[in-house]
Each structure stands twice: as structure tokens, then as C-alpha cells.
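The values are calculated or read from the model by the stated rules, or taken from the named source; none is laboratory data. All values reported here derive from a predicted model rather than from experimental measurement. Neighbour counts run over all protein chains shown; Cβ positions are idealised from the backbone, glycine included.
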Amino acid sequence: MGYTISQKIIKNHMLSGEMKVGSEVGLRIDQTLTQDATGTMAYLEFEAMGVKRVKTELSVAYIDHNTLQTGFENADDHRFIASVAKKRGLRFSRPGNGICHQVHLERFGIPGKTLIGSDSHTPTGGGIGMLAMGAGGLDVAVAMGGGAYYITMPKMVKVNLIGKLSPWVAAKDIILEVLRIMSVKGGVGKIIEYGGEGVLTLSVPERATITNMGAELGATTSIFPSDDITRDFLRAQGREKDWVELKADDDAVYDEVIDIDLSSLAPLAAMPHMPDNVKSVAEIGEIKIDQVCIGSCTNSSLMDMLKVAAILKGKTVHPDVSLSIAPGSKQVLNMLSRCGALADIIDAGARVLESACGPCIGMGQSPNSKGVSLRTFNRNFEGRSGTADAGIYLVSPETAAVSALTGVLTDARTFGEMPEIEMPDEFIINDNMIVMPAGEEEADSVEVIYGPNIKPFPTTKPMPESITAKAVLKVGDNITTDHIMPAGAKILPYRSNIPYLSNFCFKQCDEKFAEHCKEAGEGIIIGGANYGQGSSREHAALVPLYLGIKAVITKSFARIHCANLVNAGIIPFTFKNAEDYDKISVNDMLSLPDIRNIIKSGEEAVLKNLTTGEEYKLEYQLSDRQVDILLAGSLLDYTRENS
């Protein structure tokens, strides 16, 4: 039996375990990346480990999330990250150089290599054949120190692409169709591999759009073959030497196969407030829009921007629409300016933003109250835009640009002939915004600079013998990390200040959650299915840790968040009988007697409801390593003990 693309990479990087679905495997990590919203905490953790230099082939610290300087906090974080990068052997991508995933694809990604990043959209790298995965900052810190990254061996899903896209239908529509088919939890425990004749019709930027939004499926990662199209992309970036061919064996076996006829696809949109709430643009109809935002790590490539410029050329944005455009990298912005496309965008009335995440992470461009915003982004969770009652639709750049001109959501196929664009054979290469680290001898004299907003990692303790605590919160299905720990311009500057950040935890679900936790001292959270979907932000575990949360009991978990809970020393349980979820109320006093010995021995856990007298059987899927992490108190404690 042959291997899939992912299985080949996993096999070549395995440090422990076996490639058996459901078992834990430890992988050697070649590259890491961080961004500034998660990076400060990741580097605080790395510093706490006492490792002098990173041990990966390449590690890059990007500044792309917190670029809105409304106070000293973001600037202090950037200075801290820059100083750690210089001292510890990382490359530092300065503010303005671009979005981490776009820049990494252009300048650093290598087919066949492993990459983890403290950002859930790290699977963008799968567009050039990397095994690229989002992870919590602590996992990234461990990998930078030379430790393995552990995953549960996933199932393999093949998405077989047939034919080619029709005019005005885009790569974004492909991944929206996959989301429509699989849902936001359909990819949990799976790797999505793309194959079939249709793959040969897609450029690397188009492939990267698709793998980027694989994060919204809950998938471990998504990946495309590395072929001649990949080679052409790397050649244009002056990196042909990095190319290797990578494809699945002809006799590779997949657990699931999904066929998609590209020629049958129409322009699609994800409606509020979930990326899998997908309908065709024609079916939704010509709703009035207030705002259009084009950019993000999903759709900010040069190809995307040239298409948008061609659509806007010689026209004017509708007077009722605010159009903002954020090129994904300095390279993209520079090339747009040199070829005249930027002038076409500006002439049409678009507002050009810096090369950063910007509105996607809630950094500016919040819509008007009850506004309708079309975005080429990857998430449309309620309130994520910064406007609680806004309606956010996820669309392709083509749909976004045409709709910006008409003032209503428009099926671009009604707009006439699609303009042709010509991609350059070579990209402009200028890496002057990448700061190289100090040499090993020079590094000893480099000072790590801490600002007053940077607070230490929350205090952890070994797992207690038993847990008795109040159910401080009960939430439903598909709770996102935005629910747990919101993003946005008001909150993101405090990512390195867990005590202050705790005031905003679960505020969307319970305005007084933090207050209730502090009154209770210790607490347990009850959740529904797919709890913790969305971002890789470990703050969604670290802040509950700070607030005294000892366990989270749900119907099911999203992959990264479940791992982050373990890393923080919070026990993730699921109900053996899903209907038991309905039997627990907020403020019920709950007990997990003798839980330390139960977890240690692998016995069945029982939750006692001291308020009602009922008992509920619980399940937990923990590797031996994760058990040791929980017993120690956190991954940081475990790493210290075993270093």
C-alpha cells in the first residue's frame, strides 16, 4: 500500500509513535513562525525554558497583527519580540513587511518540510506542499527548543478536483464548497489532500487560498502536491533550489474521497455568522452592502490584487460602499505600484491599508451598526469585525470587487467578460525588512527588552488529588476562541498581559464571567460540540487558567484548543453520553473525586453533581505524554522537569 503526500512527510519526520490513525506521533519540526498577537507569550515561554538558541532549520517572528499603535503596548511587544529574535537566532519580519503566511509562502516555505506556527492559518504553507500546522504558542516554543510536535495521527481525506473553473469563479469558491460539504467540524482529526486533474489548473496562490481556509474545517492541515506549478512559483521567487517534487503514490489509500467538479461551481458566499453557512451568491440575492474589505492571509496575493485592480480599472466604487484593500506583503504592494495596478485601485476610490492582517483580526475598519460587509477573509464569527450587529459575508476577491462597484452583492458572472491578467515571470526580491539574528558570540551581549505591559506566564500547579468546583459557565455548540478570548483593537494590545486580558474572557457569553470566576476561586466550564474552534490562540486556555478553571467538559473539542488546554494544565473531558450535557446547570457544584489517580491510571472518570445528586460518565483522550503534562501542571512545567 502506497503513501499519501502527508504520510510521506510524517514518515520522514517521525520521532516517536506509529502512523496508526488515532495514536500520537511526535514530529521533528523544520520551521516555525509566530505572529505578534501570539508571539509575545510564545517567546516568554521560550525564555522560561532557558534554551540559548533556536534549534530549528528556520524560525521567523512576524509582526502583522497588532500594527495599530494606539498606545505603547503593541510597540513594546514588537521591541521585545525583536530583541528575543536577535538574541535567540530567529529572523524578524518588521511591521509593514507583510502577513506572516503570505511572506512565508513567498520567501521561506519549502515543499516536504514541516512547519508549525502560532496561528491557525499556518496550513497556508500546504499550498506549496508543506506539512504546515497551526499550534499553540507553547508547542511552538518547545519546537524552537528542539522538541517534537505531537499530533494525533489523522485520517486522510482526498478532495478530487475535476475539470477547471469557469470565468468569475475562484479558488475561494472551491474552499467554500468544501466547507459547505464538510462543515466547520467535518475536518477534525483529518488531513485534507487535494488531487485530480483540476489541481493542474490552479496556481500556488490559489492553492494557498484553499489550504488557508482548511483551518475553518477544523482539519489538522491541508496540502497540495509539489509539482511543476510549484516549481514555477519558487523560480519566480528566486528559490528554485528549494523545489522538490512531492505527490501521493498511485496506490495510496484514503479514508474518504470527495469529488468536486470545478466547472459546475458558481460564485459562493459564507453568510453570517459561520464559514460553513454557504450559499451561492445568486441564491442570496442582491442585498445592499455597506463595506467591502479585500485582503487577509486568504486573499492578498499579487494574483488576487491584480484581478481586483483589473476589475476596478476605469470605474468608481459605489458611493454607498467603503472599499478597503490590504496587499498581503511588501512585495505585493511594491509590484502593484510598479506595474500601475495600485493607481487603478486608488483611482477607483479604494482605501489602501498597510500590508498586515488589519480588519480580519479586528484591527480597524469595523462596519457601521447593522452594516453588511463583504470580506475576502476566512472567518465571519459574530462580533469579530468589531461591530456586534454587523452581517459579515465571506466571498472571493472577484465577487468583492464587482459588488463594491454595484453597491449590492453581485454574481460577477452578470458583470460581463472577466478581464485578463498577466502574472510576471519573476517577482521583485527585496528582503530588507527581514532582520537577521545576531551571531552566537554577539548574542550574549544582546539584551531582551521587557515593557511594563508584559507580564509573566500564569502560575501553574500540579494536578490536585480531587477537584470540587462550581459550573461557572455553560455554552452551546461551535464556541469559538473569539467567544473565549476576543480579538480586536481594544483587546489585542494586552495579549502579553494575562491579568488584564482576563477581564474580557467570555464577555460575549457572560458579561460577568471573570467576576464569577474570581468569586468562585475555582471553576468548571460546560460546553457543547466543537468547543474552541477557530484561532490557535493559547490565550483562550491561559486566561481561563488564570481565572481558576480546572476542567472543561464538552460534547467535543476542536483540535488545537484541546491541545492548548492540556498544555495549560486544564483537563479536557467529553461526556460519554451527550444528553448528560442538558442535566447540568450554571452554578451546580461539581466534583471529580480522586481525579489525579484516575487520570494517571487511565480509569473511567465520573463527574458528580453535588447539587442534584446525579453522576455522569466522562471520557478523555490523552496520550501518556499529555497525562504527564497534566500531572506536572502544564507543558512548561513538564518541559522543565524533562529537559
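Give all pairs with beta carbons closer than 6 Å in which a residue from the range 611-622 that is under 19 Å from ASN597 (Cβ atoms) and in the same structural domain as LEU590 (by TED's automatic domain parsing) meets a residue that is part of a loop (DSSP other than H, G, I, E, B) and of a type in the set (Lys, Arg); count only pairs at least 6 apart in sequence or on separate chains.
Every condition considered, the pairs that remain are LYS617/LYS576; GLU619/LYS576.
Of everything in the range 429-461 that's over 27 Å from the mean Cα position of the chain (by Cα) and outside any loop (DSSP other than H, G, I, E, B), which residue is surrounded by the most Cβ atoms within 10 Å (Cβ to Cβ)?
Step by step, filter the range 429-461, then rank; the result is ALA443.
Go through the residues of the range 599-619 one by one and say whether even a single one is within 24 Å of the chain's Cα centre (by Cα), at pLDDT 95 or above and part of a helix (DSSP H, G or I).
Among the residues of the range 599-619, not one is within 24 Å of the chain's Cα centre (by Cα), at pLDDT 95 or above and part of a helix (DSSP H, G or I), which makes the answer no.
Considering only the range 314-339, state which residues are surrounded by fewer than 24 Cβ atoms within 10 Å (Cβ to Cβ), part of a loop (DSSP other than H, G, I, E, B) and of a type outside the set (Val, Ile, Thr).
Matches in the range 314-339: GLY314, LYS315, HIS318, PRO319, ASP320.
Report the residue count in the range 479-505 for those that are part of a loop (DSSP other than H, G, I, E, B) and touching a strand residue (DSSP E or B) at 6+ places or on another chain (Cβ under 6 Å).
Total satisfying the criteria: 1.
Please go through (1) over 24 Å from ALA558 (Cα atoms); (2) of a type in the set (Ser, Thr, Tyr); (3) part of a loop (DSSP other than H, G, I, E, B) for SER120 and return the number of the only condition it doesn't satisfy.
Going through the list (1) over 24 Å from ALA558 (Cα atoms); (2) of a type in the set (Ser, Thr, Tyr); (3) part of a loop (DSSP other than H, G, I, E, B), SER120 breaks only (1).
Looking only at the range 251-284, count how many residues are touching a Phe, Trp or Tyr at 6+ places or on another chain (Cβ under 8 Å) and within 19 Å of ASN160 (Cβ to Cβ).
Result for the range 251-284: 1.
For the condition assigned by TED's automatic domain parsing to the domain that holds ALA471, within 23 Å of the chain's Cα centre (by Cα), more than 30 Å from CYS297 (Cα to Cα) and surrounded by fewer than 24 Cβ atoms within 10 Å (Cβ to Cβ), what is the one hit in LYS507, LYS555?
None of the others qualify; the one that does is LYS555.
Cβ contacts < 6 Å: first residue without any contact (Cβ under 8 Å) to a residue 60 or more places away in the chain, restricted to the range 50-63; second residue of a type in the set (Val, Ile, Thr), any location; separation 6+ or different chain. Result?
ALA61/THR34; ALA61/ILE81
Is it the case that some residue within the range 536-544 is acidic (Asp, Glu) and either outside any loop (DSSP other than H, G, I, E, B) or in contact with a Ser or Thr (Cβ under 8 Å, 6 or more places away or on another chain) (or both)?
yes
Mind listing whichever residues of the range 357-380 are of a type in the set (D, E, K, R) and surrounded by fewer than 24 Cβ atoms within 10 Å (Cβ to Cβ)?
LYS370 - this is the single residue of the range 357-380 that is of a type in the set (D, E, K, R) and surrounded by fewer than 24 Cβ atoms within 10 Å (Cβ to Cβ).
Which strands (runs of 3 or more DSSP E) sit wholly inside the range 198-313 and have at least 2 residues that are surrounded by 22 or more Cβ atoms within 10 Å (Cβ to Cβ)?
221-223, 268-270, 291-294
All but one of (1) small (Gly, Ala, Ser); (2) part of a loop (DSSP other than H, G, I, E, B); (3) farther than 30 Å from ILE491 by Cβ hold for SER385, so report the exception by its number.
For SER385, the exception is condition (3).
Which residues, counting only those in the range 160-199, are on the phi > 0 side of the Ramachandran plot and of a type in the set (Phe, Trp, Tyr)?
TRP168
What's the number of the only condition in (1) more than 26 Å from the chain's Cα centre (by Cα); (2) farther than 21 Å from ARG107 by Cα; (3) touching a residue at least 12 places away in the same chain (Cβ under 8 Å) that GLY340 fails to meet?
Single failed check for GLY340: (3).
Out of ASP637, ASP588, ASP580, ASP594, which single residue is of a type in the set (D, E, K, R), at pLDDT below 95 and not assigned by TED's automatic domain parsing to the domain that holds LEU15?
Within the list ASP637, ASP588, ASP580, ASP594, the selection yields ASP637.
Would you mind finding the one in ALA348, ALA390 that is more than 24 Å from VAL184 (Cβ to Cβ) and of a type in the set (A, V, I, L, M)? Even if it seems obvious, please write down each step before you answer.
Details: ALA390 fails: more than 24 Å from VAL184 (Cβ to Cβ).
It is ALA348.
Among (1) surrounded by fewer than 24 Cβ atoms within 10 Å (Cβ to Cβ); (2) assigned to a helix (DSSP H, G or I); (3) among the charged types (D, E, K, R), which single condition is LYS185 missing?
(2)
So which residues in the range 454-478 are farther than 21 Å from LEU635 by Cα and out of contact with any strand residue (DSSP E or B) (no Cβ under 7 Å at 6 or more places or on another chain), if there are any at all?
In the first step, residues of the range 454-478 are kept if they are farther than 21 Å from LEU635 by Cα; the result is 468-478.
Residues satisfying the conditions are VAL475, GLY476, ASP477.
So GLU641 ticks every box in (1) assigned to a helix (DSSP H, G or I); (2) touching a strand residue (DSSP E or B) at 6+ places or on another chain (Cβ under 8 Å) but one. Which box is left unticked?
Exception for GLU641: condition (2).
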